[in-house]
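Accompanying notes for the structure given below.
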Amino acid sequence: MIQSRHQLSLNGAAVSFAAGETVLAVAARAGTAIPTLCHDSRLEPAGCCRSCLVEIEGRPRMAPACATPAADGMVVATASERVARHRRTLLSMYLADQPAGPERGGHSCELHAMADEFGAAPDWPKMAPLRAGRADPNPYILFEPDKCILCARCTRYCDEVEGVSAIALAKRGPATTISTADGRGLLDTSCELCGGCIDVCPTGAMTEKMPRTAAAPPERELEPVRTTCNYCGVGCQMDLNVDRAANRVVKVTSPPPGTTTNDGNLCVKGRFAYDFIGHPDRLTTPLVRAQDGSLREASWDEALQRAADGLRGVAERHGRDALGFVSSSRCTGEENYLVQKLARAVFDTNNVHQCSAT
Amino acid sequence: MAGLVTTFGAGAMTNSIGEIRDADFLFVIGSNTSEAHPIIAMEMKRAVRRGARLVVADPRAIWMTSIADRHLRLRPGTDVWLLNAMAHVIVAEGLVDQAFLAANTENFEAVGETVARYTPEEAEEVTGVPAEDIRATAREYATTRKAGIYYTLGITEHTHGTDNVYALSNLVLMTGHLGLASAGMNPLRGQNNVQGANDSGASPVFLPGYQRIDDDAARARFEAAWGVELRPEPGLNLNEMMKEAGKSLKGFYVMGEDIVLSEPNVAKLEVGLNQVEFLVLQDLFLNETARFADVILPGGCFAEKDGVFTNSERRVQMVRKAVEPPGQARADLEILQDLARACGAGWPEQDAAAVYAEMAALAPKFAGIRHERIEREGGIQWPCETLDHPGTPFLHEGGVLRGRGRFEPVEYRPSVELADSEYPLVLSTGRTLYHYNAATQTRREPGLAAKQPEAFLELHRRDARDRGIADGDLVEVRTRRGAVRCRAAISKQVRPGCIWMPFHFAEARANLLTVDDGDSVTGTAEYKVCAAELLLLEGAAGGGPFPGAWWV
Amino acid sequence: MDERQRAQVLGALQGAGGLTEDVAALVGTQTGVPEAEVYGAGSFFHLLDDTAVKLRMCTGLSCAMKGSRELLTAAQAAGLPAAECSCLAACDLAPAALREREVLPEFGSAELDAAGGDWHAVRPEQAAWCGAVDALPGELAMDLAGERDRSGDAFARAAELGAGAVIAEVDAAGLQGRGGAGFPAAFKWKAVRRETAETRYVVLNADEGEPGAFKDREVLLRRPDLVVEGLAIAAAAVGAREVWCYLGAESGGPWRSLPAEIDAAKGAGLYDGIAFHLHAAPGAYICGEETALLEALEGKRGMPRLKPPFPTQVGLWGRPTLIHNVETIACVPAIVRNSGAWFAGLGRTGPGTKLYCLSGHVARPGVYEAPLGVSLDELLEAAGGVVGELKAFSPGGASSGFLPASESGRPLDFKSLAEVGSMLGSAGIVVLNDAVNMAEAALIQLRFFEAESCGQCAPCRIGTRFLREALEEAQRPGDGEARRAALRHVADAAWQMNEGSICGLGQAAPLPLTSALKWFPEDFEA
């Protein structure tokens, strides 16, 4: 990269930056972490969580690093006593507004991790619960307003990334909450159930609703397996969260934004349509057609031998080009390779095609 | 795919998904992007928010049209007229990129002569798209550098699908939108590994890596590696195989497709399958095709095996085993090797990495790709010919892969079945956001089933009124090949005279209705146009299937 | 989406009678705005959100001291659909109530009894009304008791002078924003004029709602001519062709007087080429903050924007925008007519005359025009003195906190009040006598801020409630130790609110409590 001519001072050190970068981005590149709760690289800066306030020389008020463009000669302090007191008291205030209890530790909570890191005072009295949840029969997404810090990542994601605006900030003041129109269930709205609201939520106020998750072990005991989605051709990268003891996928999460083609996004199928994996309807044993025309269970040896004999028999009776091999765009590249190799090298025919050739 | 190989030399998205956000002009044609490719649609939405212009050409008022600067609402099957008329404008107004033309293309004269006859005014007559909209779109496309074309099955699932692809290629070539970031010609793949299955040679014409079976040198490499002789003549494509079922084809091996639900004109196919002597089915669930199977082998789903999928942008990415398959089900890779051995072939035991390495050694386009590299570096975009090559985000940089991009003149040919007095409506079929293909996976998902529980037929208010149909009524959809029943959804999405239904639902199989005539080059069937009529069966009490939907 | 279509959202919701079921979807279809955003915007505003409430009692400081909470309790006991609301800008005629959109001044329990449980019967006929105005001797910039002037002379004079000279006069006048911030007006005029964008706007902030302030109401009722002419002069000077007036929806009187004045001026052929638009403010104090106001004008939730950029650069619909309070604009015609130097000379410790509102424990509440820098003592003398013994006063609305009686000789101007940690604000002075417990007075103000916080940022949204809960806890009967413990985090919370809040509301919200604790610690002990 060409050395930029733009420079600012960050905690006394000169740091160069590119035009258009925010103070937050410049600091991150320089290795200075600034805490954020409402920031997401995919969204317009909101500056509403206030956790990224820093001191900028010449400005009487601290400024949100996420929404402040870097400027030449700017003198930024992120480690001053004022900034430290700000983080401490702000996080103390957030925690006072969070429900007490065992919820902590179930879901990873960016807020609590941040409070630990910056030393929020634990002795601020817990405030009275104010915002009650509302029943919503949708199968996937649970919203618990008391855990919500109104960073608006979910509503902004729903608008700016997903483009459906099914949820928005509603009401005012301490009653402010996240809501659909008239507080209807998500199934009765433009919501496409992409689950992006769950993914961006820093406190677990938006979570997966599914009963299987409730039965699963705590999140820290799940094993994430990075893989490629099996639906459309975008090739989204995703993490299957596996409950090892139960041999089950209990949740799907997306890798962080900026790391893969899907930029942290998933659609409804990618995030939620995984029940088929361990579905009771799955075939669990080979089947062969019996004399009476019914299907009966068979051993692998028997089934494979029946298959081999049957295919060879057709070739012997009608010629090698009486066989057709249909492979699948759902299967892996290696498997498709083996199907065409089977057709060509074993049965000597080029009658092989995948199911969705265009 | 074949169309792009002919014109550019590679059948894939020329550019990358991540480049879409930086495009300044998006021409989306025959792609219901927000439903079929939601994540790509997000990139398009991001570009539009940034200020990019979006033009959507589609007979239906899909969601993307709601954020588009212009919607070209063409009549189904008239794409060639629209695209040739755009080319006409570009040539007539002197917007052709002459430098690119001279350096990188051939056969422009033929196209120039052809499109001279496709005036925007006549195009308006045929397509229903105002001539001025055609002109404006052509101008914007030709004069914007970062201008990309995005399409999917609305272009290819026609008897003239390859013509459509040629007509689009001509636009790309004459404006020089090739070998540039955020531009190019981008078919969005409908399934996770369409690209990878093609790459792997699951094709009657191509060996792995797009090497033609009649290319003696290529064939010789495979013969040496596999220790067998290979035949140079191409085999039957899928469309031909389905038509020959029970005739010349007496035995089938079907892995991972429910042909009885997914292939067109299935009533005819079922007659053929009854004449097939032996059919092996390898799948996750007992599907419709299982009725014809002699042996059924329980395969493994993507979460139960290792391997690679190649996405629309040619990116080879890992699939990793997360859980054990249920019961005795096994990964398909193992089944295939065992089957080959049961047939007497001396195949070694190989894991997925070894199989990939075998293929990469035989296919120069992937020669530099290995599982170990993907594990280390993340997905790699082919072409990647050496182990130290970083992969290729966009194709044709510094010159068209084929050598010279080839212009292919195309003439409009009507779809094989047009609306007439007996069947006055035009039926198209497609996918919805909430289901996937035969829906064997998605309908087992309670949330998706709740959001979209049953089949439906979209029709325009006027056509509904003419037939006394109200929103939510049970109707019968008839074509010359069959009839299915489902609920009517009166919708602003479809044009008058056009109806649309999803193909996901086994109890209302859209493919009982579709025609099985295939494209002359690819064999891809015309799922997007056939003539149909509607009959009201019984009135509904509870209103339409989509209360409060945005398009109603 | 068309920005002008989105701007229709709040008006369409008012037309539909507020957010009853399915109205959000309907308005969404009409305007092309997603229904959830319509709902989000509508539910932000009290007058749109709770449609079942027909009668609202002001619980602002002046009304509360006149027993409005007791009236509310009585109304609810009588089965009326009643609730509390924030300041109705009728502090001089306390207690005030709101029946649907109509403000009912000097509301009494006799009227409640007469209604007999039917809200329709609560003062069904409200005659036109206005409050008392007076002035200290001397020349006046506005002269609320004066005759209306529809000659258009000042506008014509401005046209003769030309834009540059007009702005120079405003600069020479030293006119400062009368809405509360005291920002030099000419600075904004120059900034907008400097912008290169072709389209610019002038916006009138007429959504008065600071407890203690009701001067804009009187200006609009008595001298709307000054406002319309001032707006026209400003628009011409900064190159704007459209003026948007954001007017409190609950104020029935100004809703008639301002449009009538615009129509009269237009009918007289004045202010050609300048279009005036009226926009109803459906109940949110925060929309007095200029960027929150712009959001509401655009049909969104009234949440303040991050600054910079300032409205002069990125304002209404992203265009350069000049926003002024009613009183600031009302000073403009006199400045143009008599010169900036003349206006500057009217003041004592600062330029110009100023409208001071007096309410609470004062003999003759009302709006007093006086030289900037007059003291409370002088104003009280003009207003007939204190009812009872002066204990404290709130010099500029809730945001200014409280000052003790000992400060009554201090000049009431922007600078002098800032020196004692208070502010002039909108000069809505509430006078408190020695019967008032200052902890209770602080609680009334804290409740106001809590109800009116927009909810966008945590320091304000959580902090206002945190302070209110702490103060209520401290007021429970108990030993002194427990009471002090309840207040132990107030200093930190107040610091955080002041440092961390996005806008002035949250920054100032702790002031009533911290100033009461500072000046009247004994009121928190007993």
When residues of the stretch B:141-179 are filtered for being among the aromatic types (Phe, Trp, Tyr) and either open to solvent by 10 Å² or more (accessible area, probe 1.4 Å) or over 23 Å from B:GLU43 (Cα atoms) (or both), how many remain? 1
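Looking at A:ARG312, is it of a type in the set (D, E, K, R), in contact with a Cys (Cβ under 9 Å, 6 or more places away or on another chain) and surrounded by fewer than 21 Cβ atoms within 10 Å (Cβ to Cβ)?
Details: of a type in the set (D, E, K, R): yes; in contact with a Cys (Cβ under 9 Å, 6 or more places away or on another chain): yes; surrounded by fewer than 21 Cβ atoms within 10 Å (Cβ to Cβ): yes.
Yes.
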Looking for something at pLDDT 95 or above and crowded, with 21+ Cβ neighbours inside 10 Å - is there at least one such residue anywhere in the stretch A:57-64? yes
Could you please find all residues in the stretch A:163-195 being more than 7 Å from every other protein chain (Cβ to nearest Cβ) and of a type in the set (D, E, K, R)? A:ARG184
For a quick check of your reading: which strands (runs of 3 or more DSSP E) sit entirely within the stretch A:294-358 and have at least 3 residues that are at the interface with another protein chain (Cβ under 7 Å from one of its Cβ atoms)? A:323-327, A:352-354
In the set B:ALA138, B:ALA131, which member is farther than 27 Å from B:SER34 by Cβ, away from chain A (no Cβ under 14 Å) and either in contact with a Lys or Arg (Cβ under 6 Å, 6 or more places away or on another chain) or open to solvent by less than 10 Å² (accessible area, probe 1.4 Å) (or both)? B:ALA131
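Per-residue answers, yes or no, for (1) in a loop (DSSP other than H, G, I, E, B); (2) within 14 Å of another protein chain (Cβ to nearest Cβ); (3) among the basic types (Lys, Arg); (4) within 26 Å of B:GLY30 (Cβ to Cβ):
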| site | (1), (2), (3), (4) |
| --- | --- |
| B:PRO383 | yes, no, no, no |
| B:HIS396 | yes, no, no, yes |
| B:PRO414 | yes, no, no, yes |
| B:LEU433 | yes, yes, no, yes |
Restricting to the stretch B:320-350, what's the tally of residues that are open to solvent by 30 Å² or more (accessible area, probe 1.4 Å), within 13 Å of A:TRP300 (Cβ to Cβ) and within 31 Å of the chain's Cα centre (by Cα)? 2
Of all residues making up the stretch A:113-160, the number that are touching a Cys at 6+ places or on another chain (Cβ under 9 Å) and more than 20 Å from A:ARG50 (Cα to Cα): 5
Give the residue, chosen from B:ARG461, B:ARG467, B:ARG485, B:ARG443, that is modelled with pLDDT of 85 or more and over 13 Å from B:LEU534 (Cβ atoms). B:ARG461
Is it the case that the stretch B:272-280 has a residue that's out of contact with any Ser or Thr (no Cβ under 8 Å at 6 or more places or on another chain), open to solvent by less than 10 Å² (accessible area, probe 1.4 Å), part of a strand (DSSP E or B) and within 7 Å of chain A (Cβ to nearest Cβ)? yes
I'm checking my understanding of the structure. Among residues of the stretch C:53-98 that are crowded, with 19+ Cβ neighbours inside 10 Å and basic (Lys, Arg), which one is farthest from C:ARG123 (Cα to Cα)? C:LYS66
Qualifying position, being open to solvent by less than 10 Å² (accessible area, probe 1.4 Å) and farther than 21 Å from C:ALA64 by Cα, among C:LEU372, C:LEU346: C:LEU372
Going through (1) without any contact (Cβ under 8 Å) to a residue 12 or more places away in the chain; (2) part of a helix (DSSP H, G or I) one by one, A:GLY233 fails only at (2)
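Give me the residue from the stretch A:130-189 that is part of a helix (DSSP H, G or I) and small (Gly, Ala, Ser) and, out of that set, surrounded by the most Cβ atoms within 10 Å (Cβ to Cβ).
Quick first cut of the stretch A:130-189, residues part of a helix (DSSP H, G or I) only: A:145-147, A:153-161, A:173-175, A:181-183, A:186-188.
With the extra rule that they be small (Gly, Ala, Ser), the set shrinks to A:173, A:175, A:181, A:183.
Details: A:GLY173: 20, A:ALA175: 18, A:ALA181: 31, A:GLY183: 14.
The residue in question is A:ALA181.
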Have a look at B:ALA293, B:ALA245, B:ALA267, B:ALA218 and point out the one that is surrounded by fewer than 18 Cβ atoms within 10 Å (Cβ to Cβ) and not acidic (Asp, Glu). B:ALA267
Are any of the residues in the stretch A:253-272 among the β-branched types (Val, Ile, Thr), more than 9 Å from chain B (Cβ to nearest Cβ) and surrounded by fewer than 24 Cβ atoms within 10 Å (Cβ to Cβ)? yes
Right, A:ALA290: surrounded by fewer than 19 Cβ atoms within 10 Å (Cβ to Cβ) and either in contact (Cβ under 8 Å) with a residue 40 or more places away in the chain or touching a strand residue (DSSP E or B) at 6+ places or on another chain (Cβ under 6 Å) (or both) or not? yes
How many residues does the stretch B:437-454 contain that are touching a strand residue (DSSP E or B) at 6+ places or on another chain (Cβ under 9 Å) and hydroxyl-bearing (Ser, Thr, Tyr)? 1
Filtering the stretch C:271-287 for residues that are out of contact with any His (no Cβ under 6 Å at 6 or more places or on another chain) and open to solvent by less than 30 Å² (accessible area, probe 1.4 Å) leaves a count of 9
Can you find, within the stretch B:351-365, the residue that is least open to solvent (accessible area, probe 1.4 Å) among those that are facing chain A (nearest Cβ under 9 Å) and within 18 Å of B:ALA217 (Cα to Cα)? B:MET359
Can you tell me which condition A:ALA216 does not meet? The list is (1) at pLDDT 90 or above; (2) in contact with a Lys or Arg (Cβ under 8 Å, 6 or more places away or on another chain), and all the others hold. (1)
A:LEU24: passes all of (1) closer than 23 Å to B:ARG46 by Cβ; (2) assigned to a loop (DSSP other than H, G, I, E, B); (3) within 14 Å of chain C (Cβ to nearest Cβ) but (2)
With respect to C:ALA232, determine if the residue is of a type in the set (A, V, I, L, M), free of Cβ contacts under 8 Å to residues at least 24 places away in the same chain and either farther than 18 Å from C:LEU358 by Cα or not in a helix (DSSP H, G or I) (or both). no
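Can you name the residue in the stretch C:7-27 that is over 25 Å from the mean Cα position of the chain (by Cα) and open to solvent by 10 Å² or more (accessible area, probe 1.4 Å) and, of all such residues, is farthest from the other protein chains (Cβ to nearest Cβ)?
The initial filter retains those residues of the stretch C:7-27 that are over 25 Å from the mean Cα position of the chain (by Cα), namely C:16, C:20-27.
Next, from what is left, pick out any that are open to solvent by 10 Å² or more (accessible area, probe 1.4 Å): C:16, C:20-23, C:25-26.
On the way: C:ALA16: 13, C:THR20: 9, C:GLU21: 6, C:ASP22: 7, C:VAL23: 8, C:ALA25: 6, C:LEU26: 10 Å.
Per the criteria, the residue is C:ALA16.
Could you tell me whether any residue of the stretch A:45-52 is open to solvent by less than 50 Å² (accessible area, probe 1.4 Å), of a type in the set (Lys, Arg) and farther than 26 Å from C:ALA494 by Cβ?
So in the stretch A:45-52, the residues open to solvent by less than 50 Å² (accessible area, probe 1.4 Å) come out as A:46-52.
Narrowing further to those that are of a type in the set (Lys, Arg): A:50.
From what's left, farther than 26 Å from C:ALA494 by Cβ: none.
No, the stretch A:45-52 contains no residue that is open to solvent by less than 50 Å² (accessible area, probe 1.4 Å), of a type in the set (Lys, Arg) and farther than 26 Å from C:ALA494 by Cβ.
Scan B:GLY18, B:GLY94, B:GLY30 and give me the residue that is of a type outside the set (Asp, Glu), in contact (Cβ under 8 Å) with a residue 12 or more places away in the chain and surrounded by fewer than 19 Cβ atoms within 10 Å (Cβ to Cβ). Don't jump to the end; show me each part of the working.
Values: B:GLY94 fails: in contact (Cβ under 8 Å) with a residue 12 or more places away in the chain; B:GLY30 fails: surrounded by fewer than 19 Cβ atoms within 10 Å (Cβ to Cβ).
Answer to the selection: B:GLY18.
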Across the stretch C:291-329, what is the total count of residues that are part of a helix (DSSP H, G or I) and in contact with a Phe, Trp or Tyr (Cβ under 9 Å, 6 or more places away or on another chain)? 7
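The values are calculated or read from the model by the stated rules, or taken from the named source; none is laboratory data. Since the structure is predicted, the reported quantities are computational estimates derived from the model, not experimental observations. Glycine gets a Cβ as well: all are built from the backbone with ideal geometry, and neighbour counts include every protein chain shown. Only protein heavy atoms, including side chains, enter the accessible area calculation; ligands, DNA and RNA are left aside. Shrake-Rupley method; radii C 1.70, N 1.55, O 1.52, S 1.80 Å.
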